Amino acid sequence: MLDAADLPDDIAALKAMLLAAQAREVRKDDRIERLEKLVAAFKQAAFGRKSEKADPEQFDLALEDLETAIAVIHAEDEADSPSGKLRPKSRAANRGSLPAHLPRVEEVIEPESLICTCGGGLHCIGEDVSERLDVIPARFRVIVTRRPKYACRSCTDGISQAAAPARLIQAGLPTEATIAHVLVSKYADHLPLYRQAQIMSRQGVDLDRSTLADWVGRAAFELRPVFDALLADLKRSTKLFMDETRAPVLDPGSRKTKTGYFWALARDNRPWDGGSSPGVAFTYAPGRGGRHAERILQGFTGILQVDGYAGYNRLIAPDRVGPSIQLAYCWAHARRKLVEITRNGSAPIAEEGVQRIGELYRIETELRGLPADARLAGRQARSAPLIEDMRIWLGHHRTRVVGKSPLGEALTYIAKYWAGLCVFLADGRVEIDNNTVERTIRPIALNRKNALFAGHDSGAENWATIASLVETCKLNAVDPFGYLTSTLTALVNGHKQSQIAHLLPWNYRVG
């Protein structure tokens, strides 16, 4: 609590302090409400009726995301503390001690000067020692930090000691490298936290899964501004890809899970030497409706390459208010529908369609890597005549095939999206298909296969945040472990929010 003497005399300053305090109270109430919902979800999953409880074998996986979401809220609460106030101490559960057999790497942090203000020399009178769990991939070690205390023999001006280094987990065991290792193992190597805890225990490091979840949640909170900068950078482009994939989320109030979605927004200009670094940002949404795509794309204008999902039609509706978006569609999806027909027996028309599309892909292979204007010229000279022939072929067979048959539906699909399928002929930056973004989604699907579902909506959001940075690292040939270690270290040491773009994966340099 502030004393009256600490309050400023200026009325404007007092008003500003009052408004800031009121805003903190609103945010605190919001966090309390979110925590109450998380607790209710936990109780339902653990103690609800049999039909509402999570499968025992998957309960630990659900708890990871619930506990991670709680850790994010705690991190928000600590970050919202007024300057000058001591932040609450981190949870001490499972604090334990580090095994003696782990190697110790000692670092001594000395004061800037060993000369007292009176001119005399300082002598060591003791030190503070802390130990944190660090990791070199596949091998754990302990970092021992010593901060000697110095006092002057000639006066009583006090004790001199170097400040304690900033840490992501205050008073906690892990270094930022250890936390980065956990993130990479979970989101790049698809290793759930309870399995990571089992692996650590084999080296004598006994940590609860919930402790690891707390680390992940606090890291997700710190990394959120970097994710926001990534998404903003992508939306400043004029040519992007978009796709969505299922994200089953635990719904304690229902029998099993509810279906949310990860929406992937991707950029990759390398096929036409476009210059901008590749990247992908995943955004969790509770549904698949086109309104979610519209919300995510707010502020974007340009060409968006997608599959034939009808939800994207909302982006080009005549009554839509917002920046102009042009949809380019995917020849791979058109080809896929014809290929499925050929697998069920003799289908000469479908086989011919596959061959015609195959010719377009052969041309694209030869044009890949050329500048956009060269690709456009090549397509106009070689692909455009093939597309015109296919248009005539398509019209001819649609009049002779039953519309409700598989072949009729496949041909109708191509005709329905014909204009969007031909966009690549008019712009050398546009790809022939949407495979670029589909490749970025595959790791999400693999993680989903291992984890089965996220434990909570907030857990899915954290999953999307960290997966975005990990997958963007991969697209830029950046080591996710080194990047996350460096980025978390920079963030906890007060990296300026105005320079957050410097922490995007493509700006990472080893050294």
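Descriptive notes on the structure:
- Estimated purely from DSSP H runs of n ≥ 4, each contributing -39500 (n - 2.57), the mean residue ellipticity at 222 nm for the chain is -15000 deg cm²/dmol once divided by its residues.
- Likely footprinting exposure, 77, 30, 134, 319, fewest C-beta neighbours within 10 Å first: 319, 30, 77, 134
- Charge-dipole axis of the chain as Lys and Arg at +1 and Asp and Glu at -1 on Cβ define it, positive-most pick from 287, 312, 399: 399
- Span-like helix ranges in the chain, DSSP H, alpha carbon extent 30 angstrom or more, Kyte mean at least 0.5: none
- Among 413, 444, 201 the positive-end extreme of the charge dipole of the chain (Cβ point charges): 413
- Filtered trypsin sites (Lys or Arg not before Pro), the range 180-277: DSSP coil and at most 16 other beta carbons within 10 Å: 202, 236, 255, 256
- Additional length obtainable on full extension of the chain from residue 509 to residue 97, 0.36 nm per residue less Cα span: 144.9 nm
- Using Cβ point charges alone (K and R +1, D and E -1), the dipole size of the chain about the Cα centre works out to roughly 1440 debye.
- Subtracting the Cα-Cα distance of residue 316 and residue 39 from their residue separation scaled by 0.36 nm leaves 95.6 nm.
- Cβ-based net charge around residue 196, under 9 Å, with every Lys or Arg adding one and every Asp or Glu removing one: +3
- For the range 148-233, the alpha carbon positions stretch 60, 43, 16 Å along the principal axes, listed from largest to smallest.
- Distance histogram for the chain (every C-alpha pair counted, 20 angstrom bins, percent rounded to whole numbers): 19, 44, 28, 8, 1, 0
- Of 474/496; 37/496; 337/416; 337/404, pairs whose Cα-Cα distance is over 22 Å: 474/496; 37/496
- Alpha-carbon centroids, the range 168-214 and the range 278-308: separation in whole Å: 32 Å
- Counting only aspartates and glutamates at least 8 places from residue 28 when in the same chain, those with an alpha carbon closer than 15 Å to its own are 36, 76, 77, 78, 80.
Just so you know, all these numbers are worked out from the coordinates, no wet-lab data involved. Since the structure is predicted, the reported quantities are computational estimates derived from the model, not experimental observations. Cβ sites come from the backbone with ideal geometry, for glycine too, and all protein chains shown count toward neighbours.
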